[in-house]
Amino acid sequence: MAVEVYPLLARGVFATFGYFVIDGETGRGVLVDPGAQPGLFLSAARERDWKIDAILLTHGHFDHMGAAGELRDAWSAPVRAHELADRYLLDPRLNLSADHGTPITLAGASKLSDGDRIPVGGIAGALEVLHVPGHTDDSCAFWCEQEASRSSETPSTRAARPDRVPDRGWTQAAREHTQKHSRVAS
Ligand SMILES: [Zn+2]
């Protein structure tokens, strides 16, 4: 069984990658950070016959969760985010959507904690939740040991903070977004 990662660029106010993380054997998996263009993610999953079991959020800013509500309804898949995420998900000012045209809120996310393990299709515990506060209080990274082990750039350490995040084995969304929004969130 192999975890496969498929980035997909959604273009909303910002262009932000979402990541399908799929069990290549079963075609089941999760989607990380659908920020906009829900139809884009729906089409991609339909074309490849993927079954999405959960929507994961690296943090609650609108360009990472803007399409999550619509996709949750379409797939009957829960949204999962860090236990501090509601602060952002329920407040258009804090999730920055109020400043960019359309206020967005997302209620009902189930809570993740540092160290939680998330299955990908039939692969139990494929992703490990790492709480990496900094960009936002609720920022998480999703560590995939199997993906990292396939890379020639295998990390020498098991990083726990963004400044030590290796190039593979992560969704990378937290790091990219920290760079993109540093001026907004600082
Ligand atoms: Zn952000």
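Considering the stretch 99-118 alone, what residues qualify as being surrounded by fewer than 15 Cβ atoms within 10 Å (Cβ to Cβ) and not in a loop (DSSP other than H, G, I, E, B)? Scanning the stretch 99-118 gives ASP99, SER110, LYS111, ARG117.
Suppose the filter is assigned to a strand (DSSP E or B) and either closer than 20 Å to PHE17 by Cβ or within 16 Å of the ligand (Cβ to nearest atom) (or both); does ARG93 pass it? Criteria not met by ARG93.
What about GLY101, is it away from the ligand (no atom under 16 Å from the Cβ), touching a residue at least 60 places away in the same chain (Cβ under 8 Å), on the phi > 0 side of the Ramachandran plot and not polar (S, T, N, Q)? Taking the combined requirement at face value, the residue satisfies it.
Restrict the check to the stretch 57-68 and report whether at least one residue is in contact (Cβ under 8 Å) with a residue 12 or more places away in the chain, touching a Cys at 6+ places or on another chain (Cβ under 6 Å) and within 12 Å of the ligand (Cβ to nearest atom). Yes. Of note, GLY12 does not satisfy the criterion of being crowded, with 22+ Cβ neighbours inside 10 Å and within 22 Å of ASP138 (Cβ to Cβ). Out of the residues in the stretch 19-51 meeting the condition of being surrounded by 24 or more Cβ atoms within 10 Å (Cβ to Cβ) and in contact with a Ser or Thr (Cβ under 6 Å, 6 or more places away or on another chain), tell me which one is farthest from GLY66 (Cα to Cα). Per the criteria, the residue is VAL32.
Checking every residue in the stretch 121-139 against the condition of being at pLDDT below 95 and more than 19 Å from THR16 (Cα to Cα) gives zero matches.
Counting the residues of the stretch 96-120 that are hydrophobic (A, V, I, L, M, F, W, C) and under 27 Å from GLU25 (Cα atoms) gives 3. Number of residues in the stretch 106-135 that are over 22 Å from ARG11 (Cβ atoms) and within 16 Å of the ligand (Cβ to nearest atom): the value is 5.
The values are calculated or read from the model by the stated rules, or taken from the named source; none is laboratory data. Note that the structure is a prediction, hence the values are computed from the model and not measured. Here Cβ is always computed from backbone atoms with ideal geometry, including for glycine, and neighbour counts include all displayed protein chains.
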